[in-house]
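Report on the structure given below.
The values are calculated or read from the model by the stated rules, or taken from the named source; none is laboratory data. Predicted, not measured: the structure shown is a model, and the values here were computed from it. Cβ placement follows ideal geometry from the backbone for every residue including glycine, while neighbour counts extend to all protein chains displayed. The area values use the complete protein model at the heavy-atom level, side chains included, leaving out ligands, DNA and RNA. Shrake-Rupley method; radii C 1.70, N 1.55, O 1.52, S 1.80 Å.
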Amino acid sequence: MCVISLPFQNNDYLSSIVHDKLYSLEECKKIIALEGEQISSEAYGKTYKSVLGDCEKYPSAKKIKLNNENKWIYQKVITSVNKQNKEYFNFNVGLIKDLHVIELTENASVPKHMDLGSGNFSTRKITFICQLTEKDKFTEGDLAVYVPHESYAFKSFEPGELILFSSFVMYKITPVLSGTAHFLLGWADGPAFC
């Protein structure tokens, strides 16, 4: 595990970006292969445009709902989120809703945005992203996280490595230039901040 923390007083929740190795490469491949509720690129853009804004090509996705077949995915995420939240964020969280496996094909990206918003998005506290695809299978498609006064780009984090940060921190995934990239994406929710 690795933590990048910027020098802010008593604001670890704002400045922490936490890494945690969660899944093996074989487990990543199993996650990609799972069946789930498909969300086309167009539908993804329409559903999340209020949060994501405009984009040339949105990712497609599938929702991975909690069931007996895939509870191991949720168990590992929940354990990691609870541990990292206790150590770094200290948010009141209690719910991880459906996980998404997003697929970025050529020219697809996730625009710069924050996951905390209004309505259904007002309870998001921690965003977590796990790269599932080996880096030699696609070019670009880099995660960039923007904390105050800094930005961090993760060009080659390992498949199975979970990156966690506050949902009110801006981030993006740059356009994939070639190949296909898969990421597991989710949020730890709790009572709204105000």
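For the stretch 121-134, the criterion of being over 16 Å from the mean Cα position of the chain (by Cα), modelled with pLDDT of 85 or more and open to solvent by less than 60 Å² (accessible area, probe 1.4 Å) is met by at least one residue. Total residues in the stretch 24-38 satisfying the condition of being exposed (fewer than 11 other Cβ atoms within 10 Å of the Cβ) and of a type in the set (D, E, K, R): the figure is 2. Restricting V101, V77 to residues that are in a helix (DSSP H, G or I), buried (at least 21 other Cβ atoms within 10 Å of the Cβ) and either of a type outside the set (D, E) or touching a Leu at 6+ places or on another chain (Cβ under 9 Å) (or both) narrows the list to V77.
It is to be established whether one or more residues within the stretch 175-187 are open to solvent by 20 Å² or more (accessible area, probe 1.4 Å), modelled with pLDDT of 85 or more and farther than 25 Å from C28 by Cβ. No, because not a single residue in the stretch 175-187 is open to solvent by 20 Å² or more (accessible area, probe 1.4 Å), modelled with pLDDT of 85 or more and farther than 25 Å from C28 by Cβ. Exactly one residue out of E56, E69 is modelled with pLDDT of 90 or more, more than 13 Å from L184 (Cβ to Cβ) and of a type in the set (D, E, K, R), and it is E69. Taking the criterion of being in contact (Cβ under 8 Å) with a residue 40 or more places away in the chain and over 21 Å from G179 (Cα atoms), the residues of the stretch 120-146 that qualify are F121, S122, T123, R124, K125, I126, T127, F128, V145. Flag: S109 does not match the condition of being closer than 13 Å to I17 by Cα, of a type in the set (S, T, Y) and in contact with a Ser or Thr (Cβ under 8 Å, 6 or more places away or on another chain). Within the stretch 148-159, the presence of a residue that is within 20 Å of V93 (Cβ to Cβ) and open to solvent by less than 20 Å² (accessible area, probe 1.4 Å) is excluded. The residues of the stretch 73-117 that are free of Cβ contacts under 8 Å to residues at least 40 places away in the same chain and not charged (D, E, K, R), listed by number, are Y74, Q75, I78, T79, N82.
Scanning the stretch 1-44 for residues that are at pLDDT 75 or above and assigned to a strand (DSSP E or B) turns up I17, V18, H19, D20, K21, E37, Q38, I39.
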